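Since the structure comes first, as structure tokens, the remarks are kept for the end.
The values are calculated or read from the model by the stated rules, or taken from the named source; none is laboratory data. Bear in mind the structure is a predicted one, so any value in this text is a computation, not a measurement. Using ideal geometry, Cβ is built from the backbone for each residue, glycine included, and neighbour counts are taken over all protein chains shown. When the accessible area is computed, the model is the full protein with side chains, heavy atoms only, and any ligands, DNA or RNA have been set aside. Shrake-Rupley method; radii C 1.70, N 1.55, O 1.52, S 1.80 Å.
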Amino acid sequence: MDTSGFYALLVQRDRWHARAKGLLASAAQSGGRFVTTDYILDETATLLKARGLGHLVDAVFETVFASAACRVEWMDPGRFEQARRFFRKHQDQDWSFTDCFSFWLMRLLGLREALTSDKHFREAGFVPLLQ
């Protein structure tokens, strides 16, 4: 689950809102789970606040941390070093450090799909579900 996926779920006027809600409902029916990171939660909170939607931030955190369907993967010094190496290796790309942490982690966990509209996921070889 990427920042744009959270945003699409939370903001009804987002162009991907209906699709994101549908995908999450389907996943819930089939017992699916999703993974996100502390960096994505940081980015989501910052984006919501910057767009005047800061009132949604507490609900995002409460929902994610209470959900049995969501697992948060946390940055630590070893993961930071791996993400830094990945970021450095792909300096020719227009990818953020947060993107690189997500891409490195998705490869580590064997994940192929992401609830995102970010084109960088496709560029990195993943399937963005909101495109």
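Here are the numbers for this structure:
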item: For GLU73, residues with placed amide H under 5 Å, excluding near neighbours; result: THR36, THR37, ASP38
item: Between helix 38-50 and the chain: long-axis angle, C-alpha atoms, 0 to 90°, nearest 10; result: 60 degrees
item: Nearest-20 debye value, segment 1-119 charge dipole, Cβ charges on Lys, Arg, Asp, Glu; result: 320 debye
item: Probe 1.4 Å, accessible area per residue of segment 1-83, Å²; result: 58 Å²
item: Three-way shape label, segment 1-110, alpha-carbon gyration tensor, a/c 1.5; result: prolate
item: Carbon/sulfur fraction of accessible area - segment 1-99, other protein chains in place, 1.4 Å, %; result: 53 percent
item: Mean residue ellipticity (222 nm) of the chain, computed from DSSP H runs ≥ 4 via -39,500 (n - 2.57), nearest 500; result: -17000 deg cm²/dmol
item: Protection-proxy order for peptides 23-32, 94-103, each taking the mean of Cβ atoms within 10 Å per residue, highest first; result: 94-103, 23-32
item: Cβ-defined net charge surrounding ALA8, 9 Å radius [Lys, Arg +1; Asp, Glu -1]; result: +2
item: Using alpha-carbon coordinates, inclination of helix 17-29 to the longest axis of the chain, degrees; result: 90 degrees
item: All aspartates and glutamates inside 16 Å of LYS89 as judged from Cα atoms, apart from same-chain residues fewer than 8 positions distant; result: GLU81, ASP99, GLU123
item: Exposure of HIS55 as accessible area (Å², to 10), given a probe of 1.4 Å and all protein chains; result: 140 Å²
